Amino acid sequence: MAFSTSFPVLHLPERLASSSGRSMSPIISSWYFWSNSLGRSCSPDQSLRSTRPDDARSNHRQHSARPHFDGSEWSASGYRRDGAVDRRISERPLRLWWALAGARPSLNTSTMEIGVDSFVAATVDRLTGSAVDPAKNLSELLEAIKLADEVGLDVFGIGEHHRREFLDSAPTVILAAAAVQTRRIRLTSAVTVLSAADPVRVFQEFATLDLLSKGRAEIVAGRGSFIEAFPLFGLELDDYDSLFAEKLELLLKIRENTHVHWSGKHRASLTGQGIYPRPVQNPLPVWLGVGGTPSSFVRAGILGLPLMVAIIGGEPRRFRPLIDRYREAGLRAGHSPDQLRVGIHSLGYVAENAATAADDFFPGYAQSFSNIGRERGWPPVTRAHFDALLGPTGALLVGDPERVAEKILYVNEALGGISRLTFQMSVAALPHPKLMRAIELLGTRVAPLVRTALASGTAEELLSTNSHRAA
């Protein structure tokens with residue numbers, strides 16, 4: 001890889017602190033800011049910010065996973081609201097992306113991968129109130145992955161959590177079980193909590209998965225949205241940023257070299273040992289999973305890594321300045337535009353009609369996010385908030401196949417072209433038959449509509465037509 005000498009490669013600051021010095025998870029923060037600013041009209045260059053007063057924040061948030069981009073001080077384009085420049089981020093304004101790329105990309109006219117992510121929630125049957133047997137839950141998950149493969153979806157991702165509510169603490173084991181039951185679908189983490197893992201073991205596990213799947217494994221490396229892994233594995237939260245930077249550096253070095261010479265602060269040095277097995281794919285795909293922190297977008301661009309953005313609230317178009325920053329940083333570091341792929345992790349669900357989809361999805365969704373809110377001092381989710389996110393520019397991809405396809409095309413256009421979009425449906429604790437039907441609809445109706453529109457160049461026309469119809 002070619003790196004610009006004007007950029008620090010692996011030592012970018014990962015926290016843009018708020019004026020209070022407090023911070024929160026980049027992924028969970030995207031839910032937080034929509035719950036407090038929903039309904040306001042926001043321009044694309046506005047920051048992703050919380051408007052909740054500092055004194056209303058719970059003490060828990062002070063110790064939740066960092067970082068958090070607090071727009072009360074910093075704008076999404078890298079400038080302070082008092083006019084000073086953030087020297088930790090490139091001073092070149094985003095408009096230089098136009099000159100660097102020749103023209104700002106407007107719409108991906110070729111193709112888009114569509115898939116599903118699961119956090120393997122330890123679900124409770126809402127009708128009976130009884131817990132679903134974990135073994136049955138995992139068996140049903142494998143059925144879902146197999147169906148996603150059969151109906152032509154492109155990718156299935158498994159998250160990583162170390163909490164009672166989830167069954168995905170060992171995602172590569174689940175993905176390996178899926179590998180021997182599927183033929184073509186790509187299998188990825190969503191995300192691998194790299195800060196709390198040993199990069200050597202991460203590479204070995206995913207290389208083994210790549211061999212089992214005959215070249216279908218991928219890693220989405222991130223920092224996660226919860227902090228339980230840190231005390232569980234004997235790590236210090238004060239090392240949150242340096243752990244991730246160092247471990248990402250080592251993971252990429254292992255990917256490039258069988259025998260590795262490396263030293264760092266948080267792990268024993270490597271003095272030329274061989275790291276085995278080696279994967280089918282060379283290089284093994286590694287994406288960088290991000291929330292709303294500008295320096296994370298810049299880091300991915302400098303390294304030339306594809307970017308996976310979690311957009312679970314607010315309006316997707318508000319992430320455009322950050323995605324532009326990623327592309328600008330990547331071009332300045334010498335990477336080709338084709339290398340700078342952008343994927344979106346979204347909350348979504350498809351049913352036969354929009355009303356049914358909303359009614360199916362809301363109860364479990366509201367319960368999940370209200371539970372998280374209680375930990376962090378946020379207000380409970382209301383149906384009004386939920387319905388607003390179902391609107392044309394809201395983040396939720398919930399509806400009938402046609403409406404969901406239209407919204408995917410809108411997100412693609414708003415963000416300057418995306419290469420992958422994954423649906424996270426497990427947050428709603430849907431009954432298994434409804435989840436299976438949603439996967440079937442994604443593969444047989446939503447994905448073909450999106451692919452046809454992009455391949456034929458009719459996406460903009462379709463969006464314009466639907467915009468006039470809605471008006």
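Looking across segment 149-184, the residues that are among the acidic types (Asp, Glu) and farther than 17 Å from Asn137 by Cα come down to Asp149, Glu150, Asp154.
Select from segment 133-177 the residues that are without any contact (Cβ under 8 Å) to a residue 40 or more places away in the chain, more than 25 Å from Ser225 (Cα to Cα) and assigned to a loop (DSSP other than H, G, I, E, B) and list them in ascending order. Within segment 133-177, just Asp133 meets the criteria. Within the group Glu218, Glu205, which residue is assigned to a strand (DSSP E or B) and out of contact with any Phe, Trp or Tyr (no Cβ under 6 Å at 6 or more places or on another chain)? Step by step, each of Glu218, Glu205 is checked, and only Glu218 is assigned to a strand (DSSP E or B) and out of contact with any Phe, Trp or Tyr (no Cβ under 6 Å at 6 or more places or on another chain). Evaluate segment 410-433: report whether one residue or more is in a helix (DSSP H, G or I), in contact with an Asp or Glu (Cβ under 8 Å, 6 or more places away or on another chain), closer than 26 Å to Val220 by Cβ and of a type in the set (D, E, K, R). Within segment 410-433 (the criterion being in a helix (DSSP H, G or I), in contact with an Asp or Glu (Cβ under 8 Å, 6 or more places away or on another chain), closer than 26 Å to Val220 by Cβ and of a type in the set (D, E, K, R)), the answer is yes, since at least one residue qualifies. Scoring Asn412 on the criteria (1) buried (at least 21 other Cβ atoms within 10 Å of the Cβ); (2) more than 27 Å from Leu288 (Cβ to Cβ); (3) of a type outside the set (Gly, Ala, Ser) leaves a single failure, condition (2).
Of the residues in segment 202-211, at least one is under 23 Å from Asp154 (Cβ atoms), of a type outside the set (Gly, Ala, Ser), touching a residue at least 12 places away in the same chain (Cβ under 8 Å) and surrounded by fewer than 20 Cβ atoms within 10 Å (Cβ to Cβ). Of everything in segment 313-346 that is under 18 Å from the mean Cα position of the chain (by Cα) and among the hydroxyl-bearing types (Ser, Thr, Tyr), the residue that is nearest to Leu303 (Cα to Cα) is Tyr326. Of all residues in segment 322-346, those that are over 16 Å from Ile418 (Cβ atoms), touching a residue at least 40 places away in the same chain (Cβ under 8 Å) and not in a helix (DSSP H, G or I) total 3.
Checking segment 347-354 against the condition returns a match, with at least one residue being over 17 Å from the mean Cα position of the chain (by Cα), buried (at least 22 other Cβ atoms within 10 Å of the Cβ) and outside any strand (DSSP E or B). Is it the case, given these coordinates, that Ala217 is aliphatic (A, V, I, L, M) and buried (at least 24 other Cβ atoms within 10 Å of the Cβ)? Judged against the criteria, Ala217 is a match. On the basis of being in contact (Cβ under 8 Å) with a residue 24 or more places away in the chain, buried (at least 21 other Cβ atoms within 10 Å of the Cβ) and either more than 30 Å from Gly373 (Cβ to Cβ) or not polar (S, T, N, Q) (or both), does Leu250 make the cut? Criteria met by Leu250.
The residue of segment 135-147 that is surrounded by the most Cβ atoms within 10 Å (Cβ to Cβ), among those that are at pLDDT 95 or above and touching a Ser or Thr at 6+ places or on another chain (Cβ under 8 Å), is Ile145.
The values are calculated or read from the model by the stated rules, or taken from the named source; none is laboratory data. Everything numeric here is computed off the predicted structure, so don't read it as measured data. Heads up, the Cβs are rebuilt from the backbone with ideal geometry, glycines too, and the neighbour counts pull from every protein chain shown.
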